[in-house]
1. Can you list the helices (runs of 4 or more DSSP H) lying wholly within region 439-544 that have 2 or more residues being of a type in the set (A, V, I, L, M, F, W, C) and under 25 Å from the mean Cα position of the chain (by Cα)?
2. Of these, Ala255, Ala198, Ala263, which one is of a type in the set (Gly, Ala, Ser), out of contact with any Phe, Trp or Tyr (no Cβ under 6 Å at 6 or more places or on another chain), part of a helix (DSSP H, G or I) and surrounded by 24 or more Cβ atoms within 10 Å (Cβ to Cβ)?
3. Take residues that are among the acidic types (Asp, Glu) and modelled with pLDDT of 95 or more and tell me which of the strands (runs of 3 or more DSSP E) falling wholly in region 21-84 contain 1 or more.
4. For Lys412, indicate whether it is among the charged types (D, E, K, R), in a loop (DSSP other than H, G, I, E, B), surrounded by 20 or more Cβ atoms within 10 Å (Cβ to Cβ) and under 31 Å from the mean Cα position of the chain (by Cα).
5. Can you work out which of the residues in region 208-267 that are without any contact (Cβ under 8 Å) to a residue 12 or more places away in the chain and among the small types (Gly, Ala, Ser) is farthest from Ala313 (Cα to Cα)?
6. In region 298-310, is there at least one residue being surrounded by fewer than 22 Cβ atoms within 10 Å (Cβ to Cβ) and over 30 Å from Ser228 (Cβ atoms)?
7. So Val191 fits all but one of (1) farther than 17 Å from Ile232 by Cβ; (2) surrounded by fewer than 24 Cβ atoms within 10 Å (Cβ to Cβ); (3) modelled with pLDDT of 95 or more; what number is the exception?
8. Being in contact with a helix residue (DSSP H, G or I) (Cβ under 6 Å, 6 or more places away or on another chain), closer than 23 Å to Asp531 by Cα and surrounded by fewer than 17 Cβ atoms within 10 Å (Cβ to Cβ) narrows it down to one residue among Ala358, Ala328; which is it?
Amino acid sequence: MTKKHLFLTLLLQLSLVVTAQKNPQVKVEQGTLEGILLPSGIQNYRGVPFAEPPVDDLRWKAPQAPKKWNGIRKADKFGSNAMQKPVFGDMSFRAPSMSEDCLYLNIWTPAKKAIEKLPVLVYFYGGGFVAGDGSENRYDGESLAEKGIVTVTLNYRLGIFGFFSHPELTKESPNHASGNYGLLDQNAALVWVKKNIAAFGGDPNKITIAGESAGSISVSAQMASPLSKNLIAGAIGQSGAMINPTLDAVPLADAEKNGVAFASKINVSELLKLRAIPAEQLLEEASKPGAFNTRATVDGYFLPKLPSAIFAAGEQAKVPLLAGWTSAEIPYQAFMYGQYPNPENYKKRVEDTYKDKAAEVLKLYPGNTEQEVIECATALASDNFIVYSTWKWLDQHRKVTKQPTYAYIFSKARPLMKSELGNAKAGLAGGIIKDDGKKEENKMPEQLKGAAHASDIEYMLGNLASNPVYEWTADDYKASQISEDYIANFIKTGNPNGKGLSDWPVSKPEGDMNLMILDVTSKSVKEPNRDRYLFLDGYYNMKK
């Protein structure tokens, strides 16, 4: 080897050593992790196991604590996403694959350790308990970490893998429970974070949980569960609570019947054989129409009773709560069932749906003009889908706890999609103006302008730039900054208010709630539609 080659070899080795030194390392209960240093200076640990792989004999069992490892474990790649079908077009995963072996979490933390321990956010993804992944860009924790918050995302079991109940599973369980494996995964992640987050600079006594849609429903369930309620210091819910009619939990006996019916459909009754079915095959069978109904279970262990009953009794986590919904969760078509939104069709739909309560509904949700129908059909669809349950959660919590409760409506509508993605321009009612300027006739009127379900995620977590689909404007970034600042303040202090932000009043136990309208500018309003929610409250109580 020449001197030149020797010099180059030594230089390369030195370069590798320097590069290796840049990768952050941290020691947790199971061993040493080596993450990655992002260009922003944020440390990121990906694919960290918080439980043993729930495969083979561990399928449909409560998550088991992860085993220790020797040496240094690389934490530079996301773990596999949970078994699921691609049911939502707006989901884009950075996970390398899909697997039943999916119980991993991801951590973002500032590189420079603060003198005091930092507040922690643990975020649960949405997707109706049948889809989602902690690697999605819209849940990325880098932006919040730059604000001094240790941010965690995680995976949990979904669908048949996460919510399958069966009498034999209940019988073999030391807790005499079955079905809530996905929720137990979330609890196991919280336990792991509580034990280990100090190593990442986080404060184990200052953990806030958050989530959107099924993630928000999960937050309400974790607050209600005796297993989790003492692990958290705050809670954030974006659209959804585990309260009828939004994915409410079912009695264990009903869940077991659902499980037995599924096993009968696939002609496999023995638990040993059910566990032996390949994951891909099991997913296919459970995804057939009507084959399996994914619901949480009042199992007597994770949930001793319905979350609504737990909140009514004041038995939930006594922590600050910030929750709300978007201004146009789902469009009017979801209520009109394909019918044109004129007053006659709307009145008929209300009468068919609400029977003897129709007159009262039409007073609360009037439809005397086409525009009024579009507005009120949107409100009816959204309220029944997820707004009412979120309102009920807030209303119950503020009445039984001395902890502050903050409510919001996120109203910033997304901009148009980028033109190269085939976006059409909004036109007049009765048609859509395409890019070529020609009007397509016989089209339904435009949807109500507002923030749709799940559109708030990128704004509130500071991740607009990670979504290349939309033509984000300065106003979008301003709305995102305002929303994220409120969220960051709440995580840090239990109060969203801070310098440069409009005052967000707490909602007191009595009277109307104070709702913060989050948009390009933010403002507080007295609860505008309480009469609607009180009606729905009585309507759903009557239907029990």
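1. 457-460, 474-493
2. On the way: Ala198 fails: surrounded by 24 or more Cβ atoms within 10 Å (Cβ to Cβ); Ala263 fails: surrounded by 24 or more Cβ atoms within 10 Å (Cβ to Cβ).
So the residue among Ala255, Ala198, Ala263 that is of a type in the set (Gly, Ala, Ser), out of contact with any Phe, Trp or Tyr (no Cβ under 6 Å at 6 or more places or on another chain), part of a helix (DSSP H, G or I) and surrounded by 24 or more Cβ atoms within 10 Å (Cβ to Cβ) is Ala255.
3. On the way: elements: 25-28, 31-34, 42-49, 72-74.
In region 21-84, the matching strands (runs of 3 or more DSSP E) lie at 31-34.
4. Here the answer is yes, as Lys412 does meet what is asked.
5. The residue in question is Ser264.
6. no
7. Single failed check for Val191: (1).
8. Unique residue meeting the criteria: Ala358.
The values are calculated or read from the model by the stated rules, or taken from the named source; none is laboratory data. Nothing here was measured: the structure is a model prediction, and the numbers come from that model. Ideal geometry is used to build each Cβ from the backbone, glycine not excepted, and the neighbour counts take in all protein chains shown.
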